[in-house]
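Trainee: Have a look at the structure that comes next, please.
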Amino acid sequence: MSIPNETTVTEFILIGLSGHPQAQAVFFSCFLMVYLISTLGNGLMVVLIIVDSHLHSPMYFFLCTLSTVDLIISNNALPGILVNCFFDMPTISYYSCLVQMYVGLLFVVMECLLLAVMAYDRFAAICRPLHYMQIMSWRFCTGLVSYCVVHSSLNTLINLLLRPTDFCGQNIFNHFVCELQSFLTLACSDVHISELYMQLSGLVNVVSPFAFIIVTYGRIGSAVLRIRSTQGRKKAFSTCSSHLTVVGIFYGTIMIMYLKPQSKSFSDHDKVMSLTYGVLTSMLNPLIYSLRNRDVKGAFWRMFSKKMSE
């Protein structure tokens, strides 16, 4: 495509809230609460895991990485959503839209892979406890996170290179944010290759990690059932329950969104589902892991006591 075609559309209109002007104040309050909890919760998780030596283990290394990813996801989308609550027809520039869209894609894919990595970590801890530190060495853990970063970056780069550039004046997003599926529906150039790659990417980046998690937890479940003591089974279950809750919420919403037949426009239901995996899970993750985790709560009170004594 020629450069002029790329500048045919210089901005996009986001109509996520325009159909419900009377509800804008309610939406703003809800989004603000989600943003504050997500930012403070994930930020606190990162600080606690870095500062407290009791949390310097592979499991918390992955959790720290997950909280960092969630922190970026929420700050990529929510500030713009909050500002747009005050406008009837909010706009976003073409290049700001690209940045928002592909940064979101990068870190959502990274979260898909990280959740699978965390499932493997739980498998090693429960099914191979005597060899856990040998299996989950720091070199191996760093390599797993590096793979997540490289894989998601390459996937995002391919999507970026395949993006349509000719919009023929069509510039209205029926969404709260710039989103790849909506972006493709606005193009008047051929997007069959982009759509095909998006479907393939969904299978590789969503279905495959989810299938890996299911198989892994199947093996974990078999191992837990072989534990004779009731207390031992409860302890093993408690180490997995938080992760399973996060997996259920995140993968449940993202698979409903991207593995259903594609339509030309987003319904209000679709937009809510998109926000659920995009920003709501970023808020829920630190709550789930902190409220259900004795080590994290202990680290918080140790840090709080230290600050009070200074």
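The values are calculated or read from the model by the stated rules, or taken from the named source; none is laboratory data. Bear in mind the structure is a predicted one, so any value in this text is a computation, not a measurement. In this analysis, Cβ positions are derived from the backbone assuming ideal geometry, glycine residues included, and neighbour counts consider all displayed protein chains. The accessibility values were calculated without ligands, DNA or RNA, using every heavy atom of the protein model including side chains. Shrake-Rupley method; radii C 1.70, N 1.55, O 1.52, S 1.80 Å.
Trainee: Are there cysteines in the chain with no other Cys C-beta under 4.7 Å, and if so, which?
Mentor: So, Cys30, Cys64, Cys85, Cys112, Cys127, Cys141, Cys148, Cys240.
Trainee: Turning to a different aspect of this structure: If the elastic network links every pair of Cα atoms under 10 Å, which of Ile193, Ile214, Ile92 fluctuates the most in the Gaussian network model of the chain?
Mentor: Result: Ile193 has the largest fluctuation of those listed.
Trainee: Quick one: Karplus J couplings for segment 141-150, per residue in order, coefficients 6.51, -1.76, 1.60, θ = phi - 60°, nearest Hz, x for Gly and Pro?
Mentor: 4, 5, x, 5, 5, 4, 4, 4, 5, 5
Trainee: Give me the 1.4 Å probe accessible area per residue for the chain, excluding ligands and nucleic acids, in Å². Intermediate results must be reported in sequence, preceding the final value.
Mentor: Numbers: 15470 Å² over 310 residues.
Value returned for the chain: 50 Å² of accessible area per residue.
Trainee: Continuing with this model, one more query. Using θ = phi - 60° and the Karplus form 6.51 cos²θ - 1.76 cosθ + 1.60, what ³J(HN,Hα) does each residue of segment 58-65 get, whole Hz, x for Gly and Pro?
Mentor: x, 4, 7, 4, 5, 5, 5, 5
Trainee: Also, I was wondering about something else. Arrange the residues Phe86, Phe304 by how much accessible surface each exposes, largest first, with a 1.4 angstrom probe. Display every interim value, and only then the final one.
Mentor: Working: Phe86 145, Phe304 95 Å².
The ranking, largest first, comes out as Phe86, Phe304.
Trainee: Hey, what do the phi angles of segment 79-95 turn into as Karplus ³J(HN,Hα) couplings, whole Hz, using 6.51/-1.76/1.60 and θ = phi - 60°, x for Gly and Pro?
Mentor: My calculation for segment 79-95 gives x, x, 4, 5, 5, 5, 5, 9, 10, 6, 10, x, 10, 9, 5, 4, 6 Hz in order.
Trainee: Report, to the nearest 10°, how far helix 281-291 tilts away from the longest principal axis of the Cα atoms in the chain, using its own Cα long axis and a range of 0 to 90°.
Mentor: Helix 281-291 sits roughly 20 degrees off the main axis of the chain.
Trainee: Here's another thing I want to ask about it. Under 23 Å between C-alpha atoms is the cut-off here; go through the chain and count lysine pairs that meet it, provided they're at least eight residues apart or on different chains.
Mentor: Counting lysine pairs in the chain gives 5.
Trainee: Would you mind telling me the share, in percent, of accessible area of segment 150-231 contributed by carbon and sulfur at probe 1.4 angstrom? Let's see the in-between values first.
Mentor: On the way: 2840 of 4230 Å².
Ligands and nucleic acids excluded, carbon and sulfur give 67 percent.
Trainee: Would you be so kind as to identify which of His175, Ile158, Leu275 lies farthest towards the positive end of the dipole of the chain, taking Lys and Arg as +1 and Asp and Glu as -1 on Cβ and the Cα centre as origin?
Mentor: Leu275
Trainee: Relative contact order for the chain: what percent, with Cα pairs under 8 Å and sequence separation of 6 or more? Show your work: numbers first, answer last.
Mentor: On the way: 350 pairs, mean separation 88.8, N = 310.
29 percent.
Trainee: Using +1 at the C-beta of Lys and Arg and -1 at the C-beta of Asp and Glu, which of Phe86, Phe300, Thr253 has the Cα lying farthest in the positive direction of the dipole of the chain?
Mentor: Of the options given, the answer is Phe300.
Trainee: On C-alpha positions alone, give me the angle between the axis of helix 230-258 and the longest principal axis of the chain, in degrees, nearest 10.
Mentor: Between helix and principal axis, roughly 10 degrees.
Trainee: Quick one: putting +1 on the C-beta of Lys and Arg, -1 on the C-beta of Asp and Glu, what dipole do you get for the chain around its Cα centre, in Debye to the nearest 20? If you can, show how the numbers build up before the last one.
Mentor: Working: 19 positive and 15 negative charges, 393 e Å.
It comes to approximately 1880 debye.
Trainee: Run a plain Debye calculation on the chain (Cα atoms as equal point scatterers, no solvent) and give log10 I(q)/I(0) at q = 0.09, 0.13, 0.14 Å⁻¹, rounded to two decimals, same order as the q list.
Mentor: Calculated log10 I(q)/I(0) at the listed q: -0.51, -0.98, -1.10.
Trainee: May I pose another question? Can you give the charge dipole size of segment 183-256 about its Cα centre, rounded to the nearest 20 debye, using +1 on the beta carbon of Lys and Arg and -1 on the beta carbon of Asp and Glu? Walk me through the numbers before you get to the answer.
Mentor: Details: 6 positive and 2 negative charges, 189 e Å.
In total the dipole reaches around 900 debye.
Trainee: Based on DSSP H runs of at least 4 residues, each adding -39500 (n - 2.57), what is the mean residue ellipticity at 222 nm of the chain after dividing by all its residues, to the nearest 500 deg cm²/dmol? Intermediate results must be reported in sequence, preceding the final value.
Mentor: Values: 13 runs with 221 residues, N = 310.
Rounded to the nearest 500, it is -24000 deg cm²/dmol.
Trainee: Where nothing but the Cβ of Lys and Arg (+1) and of Asp and Glu (-1) is charged, how large is the charge dipole of segment 1-135 around its Cα centre, in debye to the nearest 20?
Mentor: On the way: 2 positive and 7 negative charges, 72 e Å.
In debye, rounded to 20, segment 1-135 gives about 340.
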